[in-house]
1. Say we look at the stretch 146-171 and pick out the residues that are of a type in the set (Val, Ile, Thr) and surrounded by 14 or more Cβ atoms within 10 Å (Cβ to Cβ); which of these is nearest to the chain's Cα centre (by Cα)?
2. Just one of the numbered conditions (1) in contact with a helix residue (DSSP H, G or I) (Cβ under 7 Å, 6 or more places away or on another chain); (2) farther than 23 Å from residue 150 by Cβ; (3) among the basic types (Lys, Arg) is not true of residue 99; which one?
3. Among the residues of the stretch 115-134, how many are over 13 Å from residue 72 (Cα atoms) and either crowded, with 22+ Cβ neighbours inside 10 Å or small (Gly, Ala, Ser) (or both)?
4. Restricting the first residue to the stretch 270-288 and requiring it to be on the phi > 0 side of the Ramachandran plot and of a type outside the set (D, E, K, R), which pairs with a second residue that is buried (at least 20 other Cβ atoms within 10 Å of the Cβ) and part of a helix (DSSP H, G or I) meet a Cβ separation below 6 Å and a spacing of at least six or different chains?
5. Which condition does residue 46 not pass, out of (1) touching a residue at least 40 places away in the same chain (Cβ under 8 Å); (2) touching a Leu at 6+ places or on another chain (Cβ under 7 Å); (3) open to solvent by 60 Å² or more (accessible area, probe 1.4 Å), if it passes all the others?
6. Is at least one residue of the stretch 50-70 part of a helix (DSSP H, G or I), under 18 Å from the mean Cα position of the chain (by Cα), under 30 Å from residue 277 (Cβ atoms) and among the aromatic types (Phe, Trp, Tyr)?
7. Restrict the check to the stretch 20-33 and report whether at least one residue is open to solvent by less than 60 Å² (accessible area, probe 1.4 Å) and within 18 Å of the chain's Cα centre (by Cα).
8. For the stretch 31-40, state whether one or more residues are more than 19 Å from residue 125 (Cβ to Cβ), at pLDDT 95 or above, out of contact with any helix residue (DSSP H, G or I) (no Cβ under 8 Å at 6 or more places or on another chain) and assigned to a helix (DSSP H, G or I).
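The values are calculated or read from the model by the stated rules, or taken from the named source; none is laboratory data. Because the structure is predicted, anything quoted here is derived from the model rather than measured. Don't worry about glycine lacking a Cβ; one is built from the backbone with ideal geometry, like all the others, and counts go over all protein chains shown. Please note that ligands, DNA and RNA were not included when accessible areas were found on the heavy atoms of the full protein model with its side chains. Shrake-Rupley method; radii C 1.70, N 1.55, O 1.52, S 1.80 Å.
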Amino acid sequence: MFKTALAEAQGAIGDFLIQQLARLGDDRVSEGMRYATNGGKRLRGFLVMETAGLFDVPPAQSLFAAGAVECVHAYSLVHDDLPCMDDDDLRRGQPTVHKKWDEATAVLVGDALQTFAFELLARPDAGDAAQRIELVATLAQASGAEGMVLGQAQDIAAESAGAPLTLDQITELQGNKTGRLIEWPAMAGAILGREDPEALLTYARAIGLAFQIADDILDIEGDADKAGKALRKDADAGKATFVSLLGLDGAKARAGDLVDEACAALSPYGERAQNLQALARYIIARDM
């Protein structure tokens with residue numbers, strides 16, 4: 001059931017983004033936007049659609065928020081791959097945007113994807129006026145200087161810090177860099193459903209941290225061909241990770257505890273939340 005639902009959502013989000021981006025021109029930036037949003041796991045968009053589905057929001061409406069968060073995620077990856085950031089040559093098994101074109105194009109592609117996300121949320125079909133305003137405001141907070149961008153800045157600062165980060169510090173960093181863009185889809189589903197987001201936010205905070213721990217584990221145990229990107233860069237650079245701080249077995253145990261916390265938070269939704277529970281388990285079992 002979960003695999004089918006995820007595949008259907010991935011297809012729907014991919015088709016939606018192709019359709020929405022098709023109206024742009026054939027210039028290099030527009031081509032780069034389509035390139036950067038092609039593929040990926042679409043977990044953030046899936047989370048929007050599944051949480052909105054709890055409240056019977058039609059997919060035709062939730063696709064706008066799902067597409068928006070995938071655009072913001074893609075922009076963050078394009079910029080994160082740049083030489084001035086993580087300096088990566090591969091993403092999803094393909095050359096990164098700055099390798100396929102150049103650094104200036106990659107900067108502009110990321111900028112354009114970020115603004116396009118908010119254009120999608122402003123469309124009339126994305127919700128009523130109040131919902132659209134709340135979606136725009138909360139995504140801006142989650143992705144900006146109080147959220148994802150803050151986490152990225154904390155990550156850069158950690159590289160030149162005199163000592164490795166503590167467990168509390170890396171938890172805060174990853175809660176901003178990775179977690180906030182996983183929390184927002186759960187909030188978006190509740191906004192679209194006009195429901196209290198608290199239980200879903202508790203769930204999303206737990207899976208957001210579990211996601212990053214799983215990434216750190218994959219960086220040690222994963223297969224670069226499956227991951228579609230370089231692995232073991234953090235370990236080679238001597239950066240503090242959940243694995244370096246907790247040990248491999250400790251990190252796996254912590255990720256498992258977080259999945260249990262996430263699933264417990266979904267109890268108010270009963271069997272309707274089965275796919276969300278399965279998503280939590282998938283996050284720490286994935287191999288890419």
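1. Once the filter is applied, the top-ranked residue is 149.
2. (1)
3. Going through the stretch 115-134 one residue at a time, the tally reaches 5.
4. Nothing qualifies.
5. (3)
6. Yes, the stretch 50-70 contains at least one residue that is part of a helix (DSSP H, G or I), under 18 Å from the mean Cα position of the chain (by Cα), under 30 Å from residue 277 (Cβ atoms) and among the aromatic types (Phe, Trp, Tyr).
7. First pass over the stretch 20-33, keeping only residues open to solvent by less than 60 Å² (accessible area, probe 1.4 Å): 20-21, 24-25, 29-30, 32-33.
If we keep only those that are within 18 Å of the chain's Cα centre (by Cα) as well, we get 33.
Yes, some residue in the stretch 20-33 is open to solvent by less than 60 Å² (accessible area, probe 1.4 Å) and within 18 Å of the chain's Cα centre (by Cα).
8. Yes, the conditions are met somewhere in the stretch 31-40.
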